[in-house]
Each structure stands twice: as structure tokens, then as C-alpha cells.
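The values are calculated or read from the model by the stated rules, or taken from the named source; none is laboratory data. Keep in mind it's a predicted model, so treat the numbers as computed, not measured. A quick note on method: Cβ atoms are made from the backbone with ideal geometry, for glycine too, and the neighbour counts reach across all protein chains shown.
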Amino acid sequence: MQTPYVIIDLDIVETKFRELSEALHSTELCYAVKANPGKPVIERLAALGASFDVASVPEIDLVLSCGVEPARISFGNTIKKQRDIAYAAQQGITRFTVDTMSELHKVLAEVPQAEVCVRLFHDCEGADWPLSKKFGCGFADAKKILIAAGNAGCTTGISFHVGSQQRNLDAWLAPLQLCQQLITEVAQETVAPEFVNLGGGYPGSYLDDTPHISVYGDAIRKSLYDVFGSNTPRLMAEPGRYLVADAGTLHTEVVLVSDRDIDARRWVYVDCGVFGGLAETLGESIRYRLHTEHDADAPSSQIVLAGPTCDSADIIYDKAGYFLPDALQVGEVIRIASTGAYTTSYSAIGFNGFAPLAQGYINIVAMREPAA
């Protein structure tokens, strides 16, 4: 394949799914398709018994085309067109997430007895890629929506998201406490919410170390017990990054190595930048591990890493203090590790004429028994 491209190891995707299933046992795992919508990824996870969190009609069609039953699909986007809700309902999908009363009304108009998940706002402190106020509602609004949905005959639940690449093991405790309070107060007015969606946040392996997923599982189970005791509600989660990030390696060619008199550092330009799939390097939030063909102990110098486009925002790393070998030459390939998540799905379509980031797969035919 011509660079830039990502190679996904589907066996690693499977291993990650099994590890997370064990860490969050008795939790329904709904893969966030937006993380990597590659059809072989969907097919492998479907064969393992995963459910799926989708954000649009094309994602619905993709997951259905892989043989996934509508009961295993959750329309998790809180911003949906009425006709898209209707389309999902026509396909047999009954799970919808909302965070406003107006969105609930749209769902009830198409699916009168839907399974409604109300998303709480969370400030995402401790996450490398935090989420904004675009998603989630406060406690008072959540209570009103849950009561309205319960009174309409819906099965209800509560979700939250602690932010992507969350490195605080205690991040789930505070929102779980809010969930418990909501369940108690809503039960006094209508049918109590039946489930809690733990969202995402489970990390990939980047430059900064994170605990093993089993440690996350222990911490989350402790938080669940501290909040609910032995009366834990039905659980769901929406992993994306954790399942696919470490399965991917991005290959990008060095286009130019420049010594510029305006900067003491070398500038290394590669053929995949912020607009080509490395959007999560904006603000240098996600810091990937870089590998070259040169020996690990080869002489190296601090660099600025930038993409190929005619846009001044296309600087991958400037302040993070990256070093690359002094012997690095034009035409050589840099391998960027753990790039299976939010790369191809963030890649621009033809900006400056550059093609979208390509993706290939290995271990595509290997299948295992569904996870327990």
C-alpha cells in the first residue's frame, strides 16, 4: 500500500474485547463505531457477541450489513434528525439516547415504547481527550426526562461519559453517585430506571503509561459496589478507543527534513498530518509513540513533526519534546503505534487533494468462540 495507511490487527481487537469483557464482567459492551468503522472490525466484534453504539444512518446500515440484530444496536447520538429516528425504528432499533426533552419527544413520536437512555453531563477531568458541554444534561433536566419517558411506558436508563483516554481510575465514582440518586428520586414518580451505561474512557497505549484494563475494572467495580451495594443495575458500556487503538499502526513517509534558521530544531514533514488522520494531536492531546528503522540508541535530536498540507494548523507535535534519529532521511517510513482509533474516521476527504487515510487488515480470517 502507498503511504499513508493504517494496518489493523484484528486478533488484537479480539484480545482487547475479551480483556474488557473480563474486566467489566456482566456488562454489555456496545462498540462505539465512530472509533473505527472498518467493516472487518465490525464483523470480528459481531462474531464475539458485541453490541454496537451508532451515531448516524450510514453507521446503522454498516452494522446491519454485518449481520448484527437490531436489538444489539443503540442509537447513541443525542442529536438526531426526526427522519433518522424513523429510519432506525423501521430497521427494528428501539434503543435511543437523549439529553433534552425535545429529543425525547422526537423519539416517542417514532418509537412510543423505546428504551430511552438519558445522558448526564460530566466535566471529564482527568481525560486526555475531554468532551465538551455539547453532550449531556444536568441532574434536574435528567430527572424530568426520565420521569416523562417512564410515564410514556419506556424502559429507561442513565448514561455518562468520563472523557476519552481517561487516566483517573476514580472518574466513574461521582457520576455513578448521581445515577443512584436519580434512580431513587425517579422511582418516587414513575418506573425506576433499569440500567446504567458506563460510557467509554478506557485507554489506548500512548506515550504516557496507563494501568492495565483489569485495574480499571477493579476500580469501576469498587465504585459500583460503594454506590449500589449488591443492587447494581443492569450495566452497559460504550468502548471505542480501547478496543481498536492498539490494534492499529499508521505508516507515514518522510517528505522533507528541514533545518530552518527560525528554529534550532529540525522540522520533519510526513505525508499524514492533522487533516490526514491525526486530528487527535490537536493541542498535542494524544501523544503517539513513533518508531523508525534506526536503532533505538542511534543519535537523535529534538524535532517538530508536521503534516504535508498547506495549512499552518497542520503541526502534529511542537511542544511535546519529541526526538527522532539524526539519520532519518526523506523517503523513510515512520510507524506510529496505537493508531487504530479515530484516525481513518477523522481523516479529511480530499483536503488539498490528499486522499483519505487508507486502512488494511491482518488476521482477517481468524475467528474465535464468542466471549463468555
Counting only residues that are polar (S, T, N, Q), part of a strand (DSSP E or B) and surrounded by fewer than 23 Cβ atoms within 10 Å (Cβ to Cβ), how many does segment 215-258 have? 2
In segment 99-141, which residues are part of a strand (DSSP E or B), closer than 20 Å to G157 by Cβ and either at pLDDT below 75 or of a type in the set (S, T, N, Q) (or both)? none
Out of R265, R241, report the one residue that is among the basic types (K, R) and closer than 30 Å to E194 by Cα. R241
For T184, indicate whether it is farther than 30 Å from L62 by Cβ and not in a loop (DSSP other than H, G, I, E, B). yes
Flag if D11 is among the acidic types (D, E), in a helix (DSSP H, G or I) and over 30 Å from K143 (Cα atoms): yes
Pairs returned, first residue in segment 98-112 that is outside the structural domain of T78 (by TED's automatic domain parsing) and crowded, with 22+ Cβ neighbours inside 10 Å, second residue that is in a loop (DSSP other than H, G, I, E, B) and at pLDDT below 95, beta-carbon separation under 9 angstrom, 6 or more apart or interchain, are none
Right, I93: among the β-branched types (V, I, T), part of a helix (DSSP H, G or I), in the same structural domain as G204 (by TED's automatic domain parsing) and closer than 20 Å to M236 by Cβ or not? no
Checking S301 against (1) part of a strand (DSSP E or B); (2) out of contact with any Leu (no Cβ under 7 Å at 6 or more places or on another chain); (3) touching a residue at least 60 places away in the same chain (Cβ under 8 Å): exactly one of these is not met. Which one? (3)
Checking L282 against (1) more than 30 Å from I364 (Cβ to Cβ); (2) at pLDDT 95 or above; (3) surrounded by 12 or more Cβ atoms within 10 Å (Cβ to Cβ), the condition it does not meet: (2)
Quick one: is V33 touching a residue at least 24 places away in the same chain (Cβ under 8 Å), within 17 Å of T94 (Cβ to Cβ) and among the β-branched types (V, I, T)? no
All positions within segment 14-60 that are in a helix (DSSP H, G or I), of a type in the set (D, E, K, R) and within 12 Å of the chain's Cα centre (by Cα): K34
Which listed residue, of R95, R72, R83, is under 22 Å from E194 (Cβ atoms), surrounded by fewer than 19 Cβ atoms within 10 Å (Cβ to Cβ) and of a type in the set (D, E, K, R): R72
Could you go through segment 260-269 and let me know if any residue there is closer than 26 Å to S345 by Cβ, buried (at least 17 other Cβ atoms within 10 Å of the Cβ) and touching a residue at least 60 places away in the same chain (Cβ under 8 Å). yes
Unique match (being surrounded by 22 or more Cβ atoms within 10 Å (Cβ to Cβ), touching a residue at least 24 places away in the same chain (Cβ under 8 Å) and either within 14 Å of V270 (Cβ to Cβ) or over 28 Å from the mean Cα position of the chain (by Cα) (or both)) among T309, T343: T343
Selected residue [outside the structural domain of V107 (by TED's automatic domain parsing), polar (S, T, N, Q) and either modelled with pLDDT of 95 or more or part of a helix (DSSP H, G or I) (or both)] from T3, T78: T3
Pair list, Cβ under 6 Å, 6 or more apart: segment 225-237 residue of a type in the set (S, T, Y), other residue buried (at least 16 other Cβ atoms within 10 Å of the Cβ): T232/L224
Do you know which residues across segment 1-53 are touching an Asp or Glu at 6+ places or on another chain (Cβ under 7 Å) and hydrophobic (A, V, I, L, M, F, W, C)? I12, C30, A32, V33, L48
Quick check: is even one residue across segment 158-166 more than 26 Å from A320 (Cβ to Cβ), in contact (Cβ under 8 Å) with a residue 24 or more places away in the chain and out of contact with any strand residue (DSSP E or B) (no Cβ under 9 Å at 6 or more places or on another chain)? no
Check R234, R167 and return the single one that is more than 16 Å from V118 (Cβ to Cβ), among the charged types (D, E, K, R) and in the same structural domain as T15 (by TED's automatic domain parsing). R167
State whether the residues of segment 61-74 include one that is in contact (Cβ under 8 Å) with a residue 40 or more places away in the chain, assigned to a helix (DSSP H, G or I) and of a type in the set (A, V, I, L, M, F, W, C). no
